[in-house]
Amino acid sequence: MRTSEAVSDYVVHNRALGKRYVNQATLLAAFTRSVGDAALHRITPAKIKAFVNHGEVRDINKRIRYRVLARFFIHLVVRGRLKTSPMPNMAWKRSDAPRTPHIYSEYELKSLLAAAPAATRGRSHIDADTLRTYILLLYGAGLRRAEGLRLMIDDVDLVQSLIHVRETKFFKTRIVPISANLTTILKPIVLKRRRDAGNGAAALFVTRDGSPVSIGAIKTTFKRLRRHAGLERKGDARNQPRLHDLRHSAAVHRVIAWYRSGADLNDLLPKLATYLGHKDLSGTQHYLTMTEELLAEASHRFEAFARGPRHG
C-alpha cells in the first residue's frame, strides 16, 4: 500500500469518529509529498526525522508533527499493514513549556477597543467597527476565534438575544444567550450585513471588499492592534497576549463575579462549561487560570467557610 492511500483511509477513519481532523490531514498530506508517496514499507526513520525537522520551526511544532505521524503508524501496525512502526526516537528541548494565558484587565480591554481605529488605518483589510465588534463578541460571549468568524447573519437572533454557534470544535451546535449590551453592540453590523448581502446566509464578519474574514487576517490585525494598545508581556512573541485569551478572560471574570456575589459555584461551573461549549468540566478548568484576583476571591470564600456561622 502506498502512503497516499493509507493516509486517505486514516483521515476517513478519524472523521468517522467525529473528529474534524483538518490540520492533521494537511500535515499527513505534506508528509506524503515529502516521502514521494512511497510504499509504506519503504518509509524509514530517517525520512520521518527529516520531515519532522524540516524548516525553522519550534520544538512544539516538531512534537505535533511527530505525534500525528506516530499515531498514524500505530494505526497501520494495529491493522496489520506494517509489521513495526518506523518512528525514530527523538529528543526534545524543554524550552517550549505550555504558555500561561493572559487575563485581560478592564483597562486593557478598553485600550484594545480604543486602538481599533489606529490599527485599521491604511491598507488594513478589516475596518475598525468590524474589529471592535468581533473583539467584544469573543469576550462577551466567550466564543472561540473560529466560532466567531463562522457566524452567519442569521445566526444572531437580535429579538431573543441568542447566538447559534454551529460546527463547533466537537461538531456540535449550541445556543448562546447574550446580554442586552452585547445585543445592542451586534445590532448595527447585523442590520448592515443584511442590507449589503440581501439575505441572512452570508458571513457576519467580512473585510472591506466583502469577503469573509479569515483566521490569518484577524490574527495579523490583532497583533497590530495589540501593539497600538501598548499591551506586551515579558518573553518572546509566543508569550504575548492573544485573541484566544479573550475567551480565557471571559471565563475568569465570570467566576470572579460569582465569587463576589456569593453564588454557588458547584451549581454554576457545569453551566459555564455548557455555555463555553466544553464536553466536561476539565475543559473549563483549563480556562480558569489562577490570577491574583481570582485567587483572592477564592481565599475570601474559604476564610468565610472556615469561620463558620456566627452565633450570638
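Observations on the structure shown:
Every residue, every condition in (1) surrounded by 20 or more Cβ atoms within 10 Å (Cβ to Cβ); (2) in contact with a Gly (Cβ under 8 Å, 6 or more places away or on another chain), yes or no:
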site: A128; (1), (2): no, no
site: Y134; (1), (2): yes, yes
site: I175; (1), (2): no, no
site: A180; (1), (2): no, no
site: R193; (1), (2): yes, no
site: A202; (1), (2): no, no
site: H228; (1), (2): no, no
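- Filter pass, R63 being touching an Asp or Glu at 6+ places or on another chain (Cβ under 9 Å) and part of a loop (DSSP other than H, G, I, E, B): no
- Checked against the criterion of being among the charged types (D, E, K, R), assigned to a helix (DSSP H, G or I) and surrounded by 14 or more Cβ atoms within 10 Å (Cβ to Cβ), the candidates R242, R224, R238 yield just one match: R224.
- Of the residues making up segment 172-202, those that are outside any helix (DSSP H, G or I) and either at pLDDT 95 or above or in contact with a Lys or Arg (Cβ under 7 Å, 6 or more places away or on another chain) (or both) are T173, G200, A202.
- Qualifying positions in segment 1-15 - among the polar types (S, T, N, Q) and either under 23 Å from R63 (Cβ atoms) or surrounded by fewer than 13 Cβ atoms within 10 Å (Cβ to Cβ) (or both): T3, N14
- Pair list, Cβ under 7 Å, 6 or more apart: segment 123-148 residue assigned to a helix (DSSP H, G or I), other residue hydroxyl-bearing (S, T, Y): A128/T120; L131/T120; L131/T221; Y139/S249; G140/S179; E147/T168; G148/Y134
- Taking the numbered list (1) touching a residue at least 12 places away in the same chain (Cβ under 8 Å); (2) surrounded by fewer than 13 Cβ atoms within 10 Å (Cβ to Cβ) in turn, R81 passes all entries but (2).
- Scanning segment 136-154 for residues that are surrounded by 21 or more Cβ atoms within 10 Å (Cβ to Cβ) and charged (D, E, K, R) yields one hit, E147.
- Filtered residues of segment 16-44 (kept if basic (K, R) and exposed (fewer than 13 other Cβ atoms within 10 Å of the Cβ)): R33, R42
- Residue in segment 215-227 that is of a type in the set (G, A, S), modelled with pLDDT under 80 and either in contact with a Cys (Cβ under 6 Å, 6 or more places away or on another chain) or farther than 21 Å from I163 by Cβ (or both) present: no
- Checking each residue of segment 29-38 against the condition of being acidic (D, E) and free of Cβ contacts under 8 Å to residues at least 24 places away in the same chain gives no match.
- S111 vs. criteria among the polar types (S, T, N, Q), in contact with a Phe, Trp or Tyr (Cβ under 7 Å, 6 or more places away or on another chain) and either closer than 30 Å to V252 by Cα or surrounded by 14 or more Cβ atoms within 10 Å (Cβ to Cβ) (or both): no
- Segment 180-237, residues that are among the β-branched types (V, I, T), under 14 Å from S124 (Cα atoms) and without any contact (Cβ under 8 Å) to a residue 60 or more places away in the chain: T220
Conditions (1) in contact with a Leu (Cβ under 6 Å, 6 or more places away or on another chain); (2) of a type in the set (A, V, I, L, M, F, W, C); (3) buried (at least 18 other Cβ atoms within 10 Å of the Cβ); (4) part of a helix (DSSP H, G or I), marked per residue:
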site	(1), (2), (3), (4)
R208	no, no, no, no
G216	no, no, no, yes
K219	no, no, no, yes
R233	no, no, no, no
H248	no, no, yes, yes
V252	yes, yes, yes, yes
R260	no, no, no, yes
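The values are calculated or read from the model by the stated rules, or taken from the named source; none is laboratory data. What you see is a predicted model, and the numbers here were worked out from it, not measured in a lab. Quick reminder, even Gly has a Cβ in these numbers, built from the backbone with ideal geometry, and neighbours come from all protein chains shown.
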